[in-house]
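The structure under discussion appears below in the form of structure tokens.
Only the coordinates and a few stated rules stand behind these numbers; no lab work does. It should be emphasised that the depicted structure is a prediction, and the values quoted were computed from it without experimental measurement. Ideal geometry is used to build each Cβ from the backbone, glycine not excepted, and the neighbour counts take in all protein chains shown.
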Amino acid sequence: MKLYSLSILHKGATKANLLKAAYDLSSFSFFQRSSIQEFMTFTSALIVERTTQGSRASVKEQEYLCHVYVRNDNLSAVVIADTEYPQRVCFTLLDKVLEEFSRQVDSIDWPSGNPETINYKALDIHLSKYQNPREADAMTKVQAELDETKIILHNTMESLLERGEKLDDLVSKSEHLGNQSKAFYKTARKQNSCCEIM
């Protein structure tokens, strides 16, 4: 699971304006990184331009999933992840980033801003924090813990059933042994009764 890009844009009347972006392209070779970053920047802007106001969407582009959220005030965010990354966590990240950005950057700066003029430094932090969805998102963390508990409980139940089967075997063996003991006792009494001195 990997996040590659996190971008904040403003959706204008004709085109989207990139306000700030963060990238994690460490999994690509050094020589590919600039062209991949351009591709992700272009794709993010294109997806925002084609997404209606007040909506969320997920778009598959090659081997990536692009998750977009365009708010009613035209402030937008896009996260590009691999196909394994949980969609719910992506949208949680987009909500959080847009909310924080709108509190820190004045809306007057959105239409004309660019990455050099916008003062918002938290994107890189969010991108690195959310690389592990289990640590970043409380719900995913709880789900992972529940899955682990389920596995432990399942293994415990299996061992209890095996132990129960072993106990059943012991009980049947002890019943068989008890029956043999009774038979031995009866046979011994018969044997001893015929040899008794009168």
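Values for this structure:
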item: Segments 108-121, 80-93, 5-18 sorted - mean Cβ within 10 Å per residue, highest first; result: 5-18, 80-93, 108-121
item: Rg over Rh, two decimals, the range 17-71 (C-alpha only, Kirkwood Rh); result: 0.99
item: Sites Ser107 and Met1, calculated FRET efficiency, Cβ-Cβ separation with R0 45 Å, nearest 0.05; result: 0.85
item: Nearest-20 debye value, the range 26-89 charge dipole, Cβ charges on Lys, Arg, Asp, Glu; result: 180 debye
